[in-house]
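Undergrad: Input: one structure, supplied below.
The values are calculated or read from the model by the stated rules, or taken from the named source; none is laboratory data. As the structure is a prediction and not an experimental result, all values here were calculated from the model. Cβ coordinates were reconstructed from backbone atoms using ideal geometry, including for glycine residues, and neighbour counts include every protein chain displayed. Side chains included, ligands, DNA and RNA excluded: accessible areas come from the protein's heavy atoms. Shrake-Rupley method; radii C 1.70, N 1.55, O 1.52, S 1.80 Å.
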Amino acid sequence: MEEKEYVIDEIKSLISTTNEKTEINPKFLDYFDLEELYDIKENLLRKKELVRENNKDFLEEIYEKTKINEI
C-alpha cells in the first residue's frame with residue numbers, strides 16, 4: 001500500500017463515528033499532498049484526544065452525582 005493511501009485510511013478511521021471506516025471522495029483526497037494529509041491526521045488525533053478528555057470530565061461528574069444519590 002502506498003504511503004498516501006495508508007494515511008488516507010488512517011484519516012478515514014479517525015473521522016468514523018462507528019467501527020466502520022467512513023468513505024471520502026478519492027478525488028477530494030488526491031488534491032492534498034502527503035504532508036497535508038499528515039497534518040489532517042494529526043489535527044484529527046488532537047481533536048479526538050480533546051473530546052476524550054472532555055468526556056472523561058463529564059463522565060466523572062455524572063459518576064460523582066450518582067454516588068451521592070445512591071447513599
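Undergrad: To the nearest 0.05, what FRET efficiency results for Glu5 and Ile68 with a Förster distance of 35 Å applied to their C-beta separation?
TA: Numbers: r = 51 Å, r/R0 = 1.46.
The pair Glu5/Ile68 has a calculated efficiency of 0.10.
Undergrad: Once you keep just the Cα pairs under 8 angstrom separated by 6 or more residues, what percentage relative contact order results for the chain?
TA: 29 percent
Undergrad: How far is helix 3-15 tilted, in degrees, relative to the longest principal axis of the Cα atoms in the chain, given as a value from 0 to 90 rounded to the nearest 10?
TA: Tilt of helix 3-15: around 30 degrees.
Undergrad: For the chain, with only Lys/Arg (+1) and Asp/Glu (-1) charged at the beta-carbon, what is the dipole magnitude about the Cα centre, in debye rounded to 20?
TA: Computed about the Cα centre, the dipole is about 360 debye.
Undergrad: Moving on to the next point. Counting only protein heavy atoms and a 1.4 Å probe, tell me what percentage of the chain's accessible area is made up of carbon and sulfur.
TA: 54 percent
Undergrad: Lys56: net charge of surrounding residues, Cβ under 14 Å, Lys/Arg +1, Asp/Glu -1, itself excluded? If you can, show how the numbers build up before the last one.
TA: On the way: positive: Lys48, Arg52; negative: Glu49, Glu53, Asp57, Glu60, Glu61, Glu64.
That works out to -4.
Undergrad: Next question. Probe of 1.4 angstrom, ligands and nucleic acids ignored: what's the accessible area per residue over the chain, in square angstrom?
TA: On a per-residue basis, the chain sits at 86 Å².
Undergrad: What shape does the chain take by its C-alpha gyration tensor, where a ≥ b ≥ c are the square roots of the eigenvalues and a/c under 1.5 counts as rounded, a/b above b/c as prolate, and the rest as oblate?
TA: prolate
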